[in-house]
Structure formats: structure tokens, C-alpha cells
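*Asks:* Once you've had a glance at the structure underneath, I'll fire off some questions.
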Amino acid sequence: LPYGVKTLGGGAFQDCPALRSVYAPDTITKTPSGSLMNGSKNAIVYCSANSKMAEYCKKQKVSYLTDNSVNSGIHVLYNGTRISFHAYGQSPELLNSRTLVPLRSIFEAMGAAVEWDGATSTAIAKRNGVEIRIQIGANAMYKNGTAVPVDVPAMLLNSRTMVPVRVIAEAFGADVVWNGIGKTVVISE
């Protein structure tokens, strides 16, 4: 659910047996008095620990997991699945009209092995014979040794390496689309 949604009506996710997850931001302040998910027994609600949705899930015995990244104003989907940034301790950020994400989150979602070279402040990701090297503050990254310019250099934010999502996803051959209305990055292969 997009950040900013305030109310959920009863039965909003009823009879959706293929539904696997619902990401509910803290902006939800009104939950239904009855069931939200009858017939959607395999779905899990992701919400922050002390949110109105967490209270609702406890009361209604709905499966839920804590994920603070539900409050990010920017969402990233990889092959149709939302990437959670909870484990990375940093949600996506907009900077100079570019979406920056924790590097490890995208590379790991894409199945790349990630290493960190602390001596040079360089992240190295390898996948399917492609090696990407991106250094903090550099105006280029290297794909198999060839420089690829980046308009927003990698940076540290809250001790996380933040990179432009489009540049790194496209480096591994993925297509990237920005949906400005829903503030969603869609990565597909």
C-alpha cells in the first residue's frame, strides 16, 4: 500500500488466495472492525512494530512481520516482488532526481555476490560473469574493467553504501522503469 493511505476497509483483501504479502505503512490509522483477509490465509502483513496495523494483526490473529521499510515513500520491485530494505537499515532516498538505494539490497535481490574493499571504499558485485566495481564518491563505476559514468556518485548514508538504482540494475542487464505517481522503481529481467 502506498505511503499516505490512511484507511483500510473491511474485506479489502478477502478471497485472494494468491495474495502473499501486504505492506502497510504507519499512515494507516483506521483499520476495519472485522476481517481484512478471509480467504487469503497465506498472506503476511508487513508493518512496523508499534503501528495500528500491528495492533490490528495481533487482535485479528493475522500473520505479520515487522518491516520498518514499509514507511519508505519509495518502493522498489524486482521481477514483481517488493524489495524490503528493513535488514539494510536504510530506505531509498531521492537525490538530484535519482533514486538511491542501499547497494547490497539490489545486488543481493538480483542474486549477485557482494564484497566490500574497505581499503579503497569500493563495493564489488559479481553475477553471471559480470563484475561491477563502484567506489564511494567516484563519478564512474567499472563493469568488467570498463568505466561507466554515473551522474550521482555512490555515497555513504547512515553507514550504508547508497547508489543510483538504475545504473546498477542496468549494469547487470535489467530493465528499469520509474513510476512517478506511485514512487515505484520497477526492475525486470
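The values are calculated or read from the model by the stated rules, or taken from the named source; none is laboratory data. Every value quoted in this text rests on a predicted model; they were computed, and no experiment measured them. Every residue, glycine among them, receives a Cβ derived from its backbone with ideal geometry; neighbour counts consider all protein chains shown. Just so you know, the surface numbers come from the protein's heavy atoms only, side chains and all, with ligands and any DNA or RNA stripped out. Shrake-Rupley method; radii C 1.70, N 1.55, O 1.52, S 1.80 Å.
*Asks:* Considering only segment 53-87, state which residues are within 23 Å of ASP15 (Cα to Cα) and either among the polar types (S, T, N, Q) or in a helix (DSSP H, G or I) (or both). Don't jump to the end; show me each part of the working.
*Replies:* Taking segment 53-87 and keeping what is within 23 Å of ASP15 (Cα to Cα), we get 53-65, 80-82.
Scanning segment 53-87 gives MET53, ALA54, GLU55, TYR56, CYS57, LYS58, LYS59, GLN60, SER63, THR81.
*Asks:* Can you name the residue in segment 40-52 that is open to solvent by less than 30 Å² (accessible area, probe 1.4 Å) and in a loop (DSSP other than H, G, I, E, B) and is also modelled with the highest pLDDT among such residues?
*Replies:* SER51
*Asks:* Mind listing just one residue for me: the one in segment 172-189 that is open to solvent by less than 30 Å² (accessible area, probe 1.4 Å) and either of a type in the set (Asp, Glu) or assigned to a strand (DSSP E or B) (or both) and, of those, modelled with the lowest pLDDT?
*Replies:* Residue satisfying both the conditions and the ranking: THR184.
*Asks:* Across segment 97-111, which residue is most open to solvent (accessible area, probe 1.4 Å) among those that are in a loop (DSSP other than H, G, I, E, B) and within 23 Å of ARG127 (Cα to Cα)?
*Replies:* Out of the qualifying residues, it is GLY111.
*Asks:* Out of (1) more than 25 Å from ARG20 (Cβ to Cβ); (2) at pLDDT below 90; (3) surrounded by 15 or more Cβ atoms within 10 Å (Cβ to Cβ), the odd one out for ARG133 is which?
*Replies:* Tallying (1) more than 25 Å from ARG20 (Cβ to Cβ); (2) at pLDDT below 90; (3) surrounded by 15 or more Cβ atoms within 10 Å (Cβ to Cβ), ARG133 fails exactly one: (2).
*Asks:* In addition: May I ask you to list pairs of residues, at least six apart or on different chains, whose Cβ atoms are under 8 Å apart, with the first in segment 91-104 being free of Cβ contacts under 8 Å to residues at least 60 places away in the same chain and the second being among the polar types (S, T, N, Q) and in a strand (DSSP E or B)?
*Replies:* ARG104/THR161
*Asks:* Continuing with the same structure: Of the conditions (1) assigned to a strand (DSSP E or B); (2) farther than 17 Å from LEU100 by Cα; (3) hydrophobic (A, V, I, L, M, F, W, C), LEU156 fails just one. Which one is it?
*Replies:* (2)
*Asks:* On the given criteria, is LEU94 within 17 Å of ALA174 (Cβ to Cβ), of a type outside the set (Asp, Glu), part of a strand (DSSP E or B) and open to solvent by 30 Å² or more (accessible area, probe 1.4 Å)?
*Replies:* In short, no.
*Asks:* Just to verify a result, which residue in segment 5-39, among those that are in a strand (DSSP E or B) and of a type in the set (Ser, Thr, Tyr), is most open to solvent (accessible area, probe 1.4 Å)? Step through it out loud before you land on a result.
*Replies:* Restricting attention to segment 5-39, the residues satisfying the condition of being in a strand (DSSP E or B) are 7, 21-23, 30.
Retained after the next criterion (residues that are of a type in the set (Ser, Thr, Tyr)): 7, 21, 23.
Working: THR7: 83, SER21: 45, TYR23: 39 Å².
So, considering only residues that are in a strand (DSSP E or B) and of a type in the set (Ser, Thr, Tyr), the one most open to solvent (accessible area, probe 1.4 Å) is THR7.
*Asks:* If I ask for residues that are over 18 Å from ARG166 (Cα atoms) and of a type in the set (A, V, I, L, M), which ones from segment 97-130 would you list?
*Replies:* Within segment 97-130, ALA113, ALA119 qualify.
*Asks:* Continuing with this model, one more query. If only one of ALA119, ALA123, ALA140, ALA169 is free of Cβ contacts under 8 Å to residues at least 24 places away in the same chain, under 22 Å from ARG98 (Cα atoms) and either loosely packed, with under 12 Cβ neighbours inside 10 Å or hydrophobic (A, V, I, L, M, F, W, C) (or both), which one is it?
*Replies:* Every option except ALA140 fails the conditions.
*Asks:* Would you confirm whether any residue within segment 101-117 is within 25 Å of ASN179 (Cα to Cα), at pLDDT below 95 and of a type in the set (S, T, N, Q)?
*Replies:* yes
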